[in-house]
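These notes are about the structure you will find just below.
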Amino acid sequence: MGKILVFAEHTNGKLKRSSQELLQAAAASGNTVVAVAFGSHAGDVTAALGHNGASEVHVVKDASLDAYNPEAFTANIAAIIGKVQPTIILASASSTGKDLFPRVAARLGVGVASDCTTLTISGDNVTAVKPMYSGKCFATVNFENSAVKIVLMRANQLPVAAADTSKTANVVEHAAAAADLKTLIKEIVKGASEKLDLTEANIVVSGGRGLKEAANFKILNDLADVLGATVGASRAVVDAGWVGHGMQVGQTGKTVAPTLYIAVGISGAIQHLAGMSGSKVIVAINSDANAPIFQKATYGIVGDALDIVPKLTEEFKKALH
Ligand code: FAD
C-alpha cells in the first residue's frame, strides 16, 4: 500500500464536493490518504479534509495561491509531491485540475488520465474509465511504467457519505515555493448568474436558442432560484452574446453531471450532449417533439418554454416553500 495525494479544491475555505468524493474514494482503497490545499483560506479546510479521510494535510497558506496561477501552482504542488512521494495523485477534472496536472505530469515524467468518470483503486494500481470522442466511446485506462499515476475525475461521479467528524489529520504547513511567474492574476470577475460552479451544482437549468432572446433568461433565473439550481447555456446563446462563456455546457464548455438537468429550448446537438449526458435525471422542454434532446431525456415536455417555465416555477414555489 502506498500514499494517495489528493489535491483539495475549496472556495474560500469551503471544501468542494468533488474533493470530498476523491478523499473518500482514496480512503476506501485502504491506502494512506494525504491531502494538499493552497491559498490564504487553506487552514479553514484542514478539518474537513481529515473528516473525509485524509490522515495528513499539507497546506501552503499563501495569498499568491488564492487564484489559480499555472507557474505558482505547478512549483508548489511539485514541491509537495517531492516531500510526500505518493504513488497515486487524485484531482478533480476542473479547469484548474486540467491545466495544472498535465504540467505536473510532464515535469515528473509520469502518466495522467484526464476527465475520468469511474475510478477503481486496488493497492497501488488504478484503473479509470474516460469518455472519448464526446462520449461516443469509453477508454479504460491503466498505468504501466509510471512511478506516479495521476487521475483527474469529473465531479459528481463518485458517492459521498457523511463526513466522520471524529477523524482528524496532522497538518503540515509550508512556505510558498519560488516560482518563475509568467502570468499575474489581477482580478477575478464572477458571472452574476453563477451562484455555484456549474460543475459542482446538484441541479442545473440550461437555456438555448429556443428562449428567443437574452432577456428571457430571466425565467430560467427565477426557476433556478426556486430550485437552488445553477444556470447553464448552450453554445448557440453564448455565441450570440446572450450569456457569458462560463455558463456554456458541452464539448467546448463545461462538463456537468448533476442529479437534475433541465434543458430548456435546447435541441440536443451531440456537442451539447457531450457536456451533460452524465446527468442522473434529464428533463427537456422543447416545442419540437422530434428534437434530439428527447432521445436523452428522462422526462420530456413538448411546448413553448416561455409558457411552461413560469408555470413550473410557480408550482415548485408552492411545493417547496
Ligand atoms: P438550436 O439548435 O437552434 O436549438 C434550439 C431549440 O429550441 C430547437 O430544438 C427548437 O425546437 C427549440 N425551440 C424553439 N422555440 C422554442 C420555444 N418557444 N420553446 C421551447 N423550445 C423551443 N454546443 C453546445 O451547447 N455546447 C458546446 O460546448 C458546443 N461545442 C461545439 C463544438 C464544435 C466544434 C461545434 C462544431 C459545435 C459546438 N456546439 C456546442 C454547437 C452545437 O452543435 C449546436 O449548434 C448548439 O448546441 C445549438 O444550441 P441550441 O440547442 O441552443 O440551439
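Points worth noting:
- Scattering curve values for the chain, log₁₀ I(q)/I(0), Debye with Cα scatterers, q = 0.14 Å⁻¹: -1.08
- Proximal charge balance of Arg235 [Cβ under 15 Å; K/R count +1, D/E count -1]: +1
- The range 247-301: trypsin sites (Lys or Arg not before Pro) in DSSP coil with no more than 15 other Cβ atoms inside 10 Å: Lys280
- Legend: calculated FRET efficiency, Ser287 to His245, from the Cβ-Cβ distance at R0 = 30 Å, rounded to 0.05, equals 0.70.
- For His321, His58, the ranking by accessible surface with the largest value first comes to His321, His58, using a 1.4 Å probe.
- Cα centroid of the range 197-217 to Cα centroid of the range 8-45, whole Å: 29 Å
- In the complete set of protein chains, residue-level accessible area for Met247 is approximately 20 Å², probe 1.4 angstrom.
- Ligands, DNA and RNA aside, Glu315 has an accessible area near 100 Å² when probed at 1.4 Å.
- Note, ³J(HN,Hα) from phi for the range 156-161, Karplus 6.51, -1.76, 1.60, rounded to Hz, x at Gly and Pro: 6, 9, 10, x, 10, 8
- Solvent-accessible surface of the chain, taken per residue with a 1.4 Å probe and all protein chains present: 46 Å².
- Accessible area of Tyr299 in the full protein assembly, 1.4 Å probe (Å², nearest 10): 140 Å²
- Computed in the context of the full set of protein chains, the accessible area of the chain at 1.4 Å probe radius has 51% of its extent on carbon or sulfur.
The values are calculated or read from the model by the stated rules, or taken from the named source; none is laboratory data. Bear in mind that the values here come from a model prediction, so they are computed numbers and not experimental data. Please note: Cβ atoms are built from the backbone with ideal geometry, for glycine as well, and neighbour counts cover all protein chains shown. Heavy atoms of the whole protein, side chains included, go into the accessibility calculation; ligands, DNA and RNA do not. Shrake-Rupley method; radii C 1.70, N 1.55, O 1.52, S 1.80 Å.
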